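This report refers to the structure that appears directly beneath it.
The values are calculated or read from the model by the stated rules, or taken from the named source; none is laboratory data. Computed from a prediction, not measured in an experiment: that's the story for all the values here. All Cβ positions, glycine included, derive from the backbone under ideal geometry; neighbour counts span all protein chains shown.
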Amino acid sequence: MGFRYTVTGLAATRPVTGYVMNLSDGRVVVEMEGESRAIEDFVTAIQDRMSGYIRETHIDRRPASGAHTGFRVRYE
């Protein structure tokens, strides 16, 4: 299973909303909203499950927008 679909599956078992999307340069963006503890758990789960595919992680914390319902793969 690919990175995006694995992340979507991990999100399905957590109280988070947002999306995962491939960028044209090969990077992947995961935008998520939820309680701090749920976000931390989700990020840890992604890092644990996909460690062989992650070279660098950048976390940018911002106030939640409330724009997301559910978690999905986004195609640009």
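In table form, for the structure just shown:
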{"quantity": "In segment 55-76, residue surrounded by the fewest Cβ atoms within 10 Å (Cβ to Cβ) [restricted to those that are modelled with pLDDT under 95 and either in contact with a helix residue (DSSP H, G or I) (Cβ under 8 Å, 6 or more places away or on another chain) or hydrophobic (A, V, I, L, M, F, W, C) (or both)]", "calculated": "ILE59"}
{"quantity": "Complete set of residues in segment 13-54 that are of a type in the set (A, V, I, L, M), over 11 Å from the mean Cα position of the chain (by Cα) and either closer than 22 Å to ALA67 by Cβ or buried (at least 18 other Cβ atoms within 10 Å of the Cβ) (or both)", "calculated": "LEU23, ALA38"}
{"quantity": "Hits in segment 55-76 - residues which are within 13 Å of the chain's Cα centre (by Cα) and in contact (Cβ under 8 Å) with a residue 40 or more places away in the chain", "calculated": "HIS68, GLY70, PHE71, ARG72, VAL73, ARG74"}
{"quantity": "Which numbered condition VAL7 misses (of (1) surrounded by 13 or more Cβ atoms within 10 Å (Cβ to Cβ); (2) assigned to a loop (DSSP other than H, G, I, E, B))", "calculated": "(2)"}
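Rundown of residues vs (1) over 21 Å from PRO63 (Cα atoms); (2) modelled with pLDDT of 95 or more, yes/no style:
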{"site": "MET1", "(1), (2)": "yes, no"}
{"site": "THR8", "(1), (2)": "yes, yes"}
{"site": "ARG27", "(1), (2)": "yes, no"}
{"site": "GLU31", "(1), (2)": "no, yes"}
{"site": "GLU40", "(1), (2)": "no, yes"}
{"site": "GLN47", "(1), (2)": "yes, yes"}
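For every residue, the table says whether it meets (1) out of contact with any strand residue (DSSP E or B) (no Cβ under 9 Å at 6 or more places or on another chain); (2) part of a strand (DSSP E or B).
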position: SER24; (1), (2): yes, no
position: GLU31; (1), (2): no, yes
position: ALA45; (1), (2): yes, no
position: GLY52; (1), (2): yes, no
position: HIS58; (1), (2): yes, no
position: ARG61; (1), (2): yes, no
position: THR69; (1), (2): no, no
